[in-house]
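Colleague: Below you'll find the structure I mean.
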Amino acid sequence: MKTNTLVALVLSSLSGLLTGCETSSPTPATPTPHAASVAADVEASCTAPGWASQNGGTTGGGTATPTIVTTYAQLKAAIQSSSVKVVQVSGTITIPSGGRISFQDQTGKTIFGTTGAKLVSADQTKDNSGILYVKRCKNVVIRNLVFEGPGAYDTDGWDNCTLDASTNVWVDHCEFRDGVDGNFDIKNTSDYITVSWTKFAYLKPPKAGGSGGSDDHRFSDLIGSSDGATADRGTLRITFARCWWAQGCVARMPRVRFGKVHLVNNLFNSTVSKSCVQAGFEANLLIQNNVFENVANPIDLMDKTATAVQETGNLYTNVTGAKVGNGKTAFTPPYAVSALGATSVKAAVTASAGAGATIAGNTCASSAI
């Protein structure tokens, strides 16, 4: 049995999120000349959970033979080639200053990392920061990758990764840390998104002296770019399931405008937090069976312009500040929900194959939450 198949089975036993995969027969692939020692990984064929299961579902590049990349040039070429359907990242790839990769106008693609794969940027400038920008793409899977930035700096720079006007995207078992502007933002009518088993953190000290002055901008995830972006109405349907907002996150876990966002079975335990879930303009939030531990303001109603903020079944331990909804009933998810009880969430999320880039390659397993 392949190691990543075993991992999938272990994950399946951990939670109700991970069930129902149809496994394909692994077919050996000839390694590319530049990475002869790295075996191409062929994944199981699985169905995305949450909002990404709607609108026809999200399968990425499926079981296409991966193109293995070990350098920046190879990574950029593979991502930007519409004929490459599965990109397998091996090792640590450094994004050069100004080398943020634009991934645009493609359908049906998977980008995943082998064990330990990282995409790293060291640039903190406004124009040359950032790792990946996904725009007008559909049916995309991003899995088992660490996105590592140089640390937060309030200079209106770039996120580690941004989804812009993209639909049916499944981000699974990734880690986003130390983004300049943010870790992972979703905006401009992006829709049918699921983020599962993903970790957000800031491990590096923020850089002072940006336009925000004392604002160190360790703000992890922004959903919707502004109150004036009214085209976002009816979009930004996003599920965050079994994710972990870990140490160093100060705010935006996430901050939401307009979207119907389901936060289920997530862990929040950053001791430097000022606000966790932030309900912005016309946000419709279902905050279900999460764990808030040693944080401030688990649920921030901000200027009280949200459409609905419903919290149910959450566990609060040693928290301060706001932790209630606005008395309005949130949307009902159109997909199956079988959530863990809150008392089981922390153990599942922090397990060895829990949130983060913790699996072996392109292993996936999911049919319901």
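The values are calculated or read from the model by the stated rules, or taken from the named source; none is laboratory data. Quick caveat, the model's predicted, so the values are computed rather than measured. Glycine also receives a Cβ, built like all others from the backbone with ideal geometry; neighbour counts cover every protein chain displayed.
Colleague: Can you go through ARG242, ARG233 and tell me which one is crowded, with 24+ Cβ neighbours inside 10 Å and not aliphatic (A, V, I, L, M)?
Modeller: From the options ARG242, ARG233, the qualifying one is ARG242.
Colleague: If we only count strands (runs of 3 or more DSSP E) wholly inside the stretch 66-136, which ones have 2 or more residues that are of a type in the set (Ser, Thr, Tyr), over 24 Å from THR47 (Cα atoms) and under 21 Å from the mean Cα position of the chain (by Cα)?
Modeller: Strands (runs of 3 or more DSSP E) meeting the threshold: 92-95.
Colleague: Considering the stretch 297-346 alone, what residues qualify as being surrounded by 14 or more Cβ atoms within 10 Å (Cβ to Cβ) and of a type in the set (Gly, Ala, Ser)?
Modeller: ALA306, ALA308, GLY313, GLY321, ALA322, GLY325, ALA330, ALA339, ALA342, SER344
Colleague: Follow-up question, since we're still on this one. Only residues that are of a type outside the set (Ser, Thr, Tyr) and more than 23 Å from the chain's Cα centre (by Cα): list them for the stretch 207-234, please.
Modeller: LYS207, ALA208, GLY209, GLY210, GLY212, GLY213, ASP215, GLY228
Colleague: Consider VAL250 carefully, then state whether it is β-branched (Val, Ile, Thr) and under 25 Å from ASP154 (Cα atoms).
Modeller: So VAL250 fits the description; yes.
Colleague: Also, I was wondering about something else. Go through the stretch 141-161 and count every residue that is under 17 Å from the mean Cα position of the chain (by Cα) and either surrounded by fewer than 19 Cβ atoms within 10 Å (Cβ to Cβ) or closer than 26 Å to SER53 by Cβ (or both).
Modeller: Total meeting the criteria: 10.
Colleague: Answer yes or no: is there a residue in the stretch 270-288 that is out of contact with any Gly (no Cβ under 6 Å at 6 or more places or on another chain), within 16 Å of ALA330 (Cβ to Cβ), assigned to a strand (DSSP E or B) and touching a residue at least 60 places away in the same chain (Cβ under 8 Å).
Modeller: no
Colleague: Restricting to the stretch 340-351, name every residue that is under 11 Å from ASN289 (Cβ atoms), in contact with a Ser or Thr (Cβ under 9 Å, 6 or more places away or on another chain) and assigned to a loop (DSSP other than H, G, I, E, B).
Modeller: Result: LEU340, single match.
Colleague: Of the conditions (1) more than 18 Å from VAL87 (Cβ to Cβ); (2) in contact with a strand residue (DSSP E or B) (Cβ under 9 Å, 6 or more places away or on another chain); (3) of a type in the set (Asp, Glu), ASP127 clears all except one; give me its number.
Modeller: Just one mismatch for ASP127, condition (2).
Colleague: Can I ask one more? Looking at (1) among the charged types (D, E, K, R); (2) assigned to a loop (DSSP other than H, G, I, E, B); (3) on the phi < 0 side of the Ramachandran plot, can you tell me which one GLU311 breaks?
Modeller: With respect to (1) among the charged types (D, E, K, R); (2) assigned to a loop (DSSP other than H, G, I, E, B); (3) on the phi < 0 side of the Ramachandran plot, GLU311 is out only on (2).
Colleague: Within the stretch 169-177, does at least one residue satisfy the condition of being among the basic types (Lys, Arg) and in contact with a helix residue (DSSP H, G or I) (Cβ under 8 Å, 6 or more places away or on another chain)?
Modeller: Within the stretch 169-177, none of the residues are among the basic types (Lys, Arg) and in contact with a helix residue (DSSP H, G or I) (Cβ under 8 Å, 6 or more places away or on another chain).
Colleague: Look at the stretch 302-331 and say how many of its residues are within 14 Å of LYS260 (Cβ to Cβ) and without any contact (Cβ under 8 Å) to a residue 24 or more places away in the chain.
Modeller: Number satisfying all stated conditions: 2.
Colleague: Of the residues GLN74, GLN88, only one is touching a strand residue (DSSP E or B) at 6+ places or on another chain (Cβ under 7 Å) and among the polar types (S, T, N, Q); which?
Modeller: The unique qualifying residue is GLN88.
Yes/no per residue for (1) touching a residue at least 60 places away in the same chain (Cβ under 8 Å); (2) more than 22 Å from GLY210 (Cα to Cα):
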| residue | (1), (2) |
| --- | --- |
| THR115 | yes, yes |
| SER121 | no, no |
| ASP127 | no, no |
| ILE131 | no, no |
| ASN144 | yes, yes |
| PHE147 | no, yes |
| PRO150 | no, no |
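Colleague: Run down ALA246, ALA336 and say which single residue is within 21 Å of the chain's Cα centre (by Cα), more than 27 Å from ASN188 (Cβ to Cβ) and modelled with pLDDT under 95.
Modeller: ALA336
A quick yes/no check of all residues on (1) surrounded by fewer than 24 Cβ atoms within 10 Å (Cβ to Cβ); (2) in contact (Cβ under 8 Å) with a residue 40 or more places away in the chain; (3) among the hydroxyl-bearing types (Ser, Thr, Tyr):
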{"residue": "CYS46", "(1), (2), (3)": "no, yes, no"}
{"residue": "GLY50", "(1), (2), (3)": "no, yes, no"}
{"residue": "GLN54", "(1), (2), (3)": "yes, yes, no"}
{"residue": "THR67", "(1), (2), (3)": "yes, no, yes"}
{"residue": "GLY91", "(1), (2), (3)": "yes, no, no"}
{"residue": "PRO96", "(1), (2), (3)": "yes, no, no"}
{"residue": "GLY99", "(1), (2), (3)": "yes, no, no"}
{"residue": "SER102", "(1), (2), (3)": "yes, no, yes"}
{"residue": "THR107", "(1), (2), (3)": "yes, no, yes"}
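Colleague: Run down LYS138, LYS118, LYS76 and say which single residue is surrounded by fewer than 23 Cβ atoms within 10 Å (Cβ to Cβ), of a type in the set (D, E, K, R) and closer than 30 Å to VAL337 by Cβ.
Modeller: Exactly one residue qualifies, and that residue is LYS138.
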